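The values are calculated or read from the model by the stated rules, or taken from the named source; none is laboratory data. Please read all numbers here as calculations on a predicted model, not as lab measurements. Glycine gets a Cβ as well: all are built from the backbone with ideal geometry, and neighbour counts include every protein chain shown.
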Amino acid sequence: MNPLNPNFMKSLYIVAALIFIAVASDAQTRVVQGVLTAYNKYPVANIEVSAKKSKATTLSDSLGNFSIVCKEKDQIKIKPETFKTVSRKIDKHTADTLRINLVFMDSKKNRDIAIGYGYMKKEDLTFAAEHMQQENNEYCSYTNIYELLKGKFPGVTVDGSAGSYRVFVRGSQSINSSDEVLFVLDGSAGASIDGLHPCNIKSISVIKDGMTAIYGTRGANGVILIDTKRGD
């Protein structure tokens, strides 16, 4: 029996390698679903959602729902007319279903565009723009406080998953066994932020280094000050 042709074997190995790469690549993709709302209530339709790495695009339906294929460490972007641009990093901690509240840039022209393109129903937009401005802010575009911190503050790192999140501030000097940040909620140091809804937040400030001295050793790893609308 004649041995197999070396060139044939080489080609076979190349084909096998290509198949392996293709399978591995497919395994690193995931389908991310979400819903787009405005004023934290009303669905937003006909809005394009794109994924940076996978190059996929899709439109939200009449209920604001969308579904898009993303690659590992991808980023989805929503850049509609009349609303502020929103981007979300997709990683292993990202939920399979996202709820994204879009911030409407209110003006007569934008109202006409939003209604004309079917983004929102006329009665919903008219009522919301006149009576629901509290829900029309950038913080409301995040599902929870941890997504907000991770997405809006580049110097903040969030590890873990629901129920066991840990938050760190890059550049802070740890002097004890715990290097997590100290939260000060409405003036209360060490308060828990679990369950704090982004829409209820008035302002967030991240401080570190010498500016944290007022909090003693507890603030050595950075401090995040959060003022809520309830704390007014």
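Out of the residues in region 204-232 that are more than 27 Å from the chain's Cα centre (by Cα) and among the hydroxyl-bearing types (S, T, Y), state the one that is surrounded by the most Cβ atoms within 10 Å (Cβ to Cβ).
It comes out as T212.
Out of E180, E130, E123, which single residue is among the acidic types (D, E) and within 24 Å of the chain's Cα centre (by Cα)?
None of the others qualify; the one that does is E180.
Which number in (1) touching a helix residue (DSSP H, G or I) at 6+ places or on another chain (Cβ under 6 Å); (2) without any contact (Cβ under 8 Å) to a residue 12 or more places away in the chain marks the one condition that V86 misses?
In the conditions (1) touching a helix residue (DSSP H, G or I) at 6+ places or on another chain (Cβ under 6 Å); (2) without any contact (Cβ under 8 Å) to a residue 12 or more places away in the chain, V86 misses (2) alone.
Looking at A191 and the list (1) touching a strand residue (DSSP E or B) at 6+ places or on another chain (Cβ under 6 Å); (2) of a type in the set (A, V, I, L, M, F, W, C); (3) modelled with pLDDT under 85, which single condition is not satisfied?
A191 satisfies all of (1) touching a strand residue (DSSP E or B) at 6+ places or on another chain (Cβ under 6 Å); (2) of a type in the set (A, V, I, L, M, F, W, C); (3) modelled with pLDDT under 85 except (3).
Considering only residues that are free of Cβ contacts under 8 Å to residues at least 40 places away in the same chain, touching a helix residue (DSSP H, G or I) at 6+ places or on another chain (Cβ under 9 Å) and under 28 Å from K229 (Cα atoms), which ones fall in region 108-128?
R111, T126
Taking the stated definitions as given, is I145 at pLDDT 90 or above, aliphatic (A, V, I, L, M) and in contact with a Phe, Trp or Tyr (Cβ under 6 Å, 6 or more places away or on another chain)?
Numbers: at pLDDT 90 or above: yes; aliphatic (A, V, I, L, M): yes; in contact with a Phe, Trp or Tyr (Cβ under 6 Å, 6 or more places away or on another chain): no.
No; evaluated as a whole, the condition is false for this residue.
Looking at region 209-223, is at least one residue under 20 Å from H93 (Cβ atoms) and not in a loop (DSSP other than H, G, I, E, B)?
First pass over region 209-223, keeping only residues under 20 Å from H93 (Cβ atoms): none.
No, there is no match, as no residue in region 209-223 is under 20 Å from H93 (Cβ atoms) and not in a loop (DSSP other than H, G, I, E, B).
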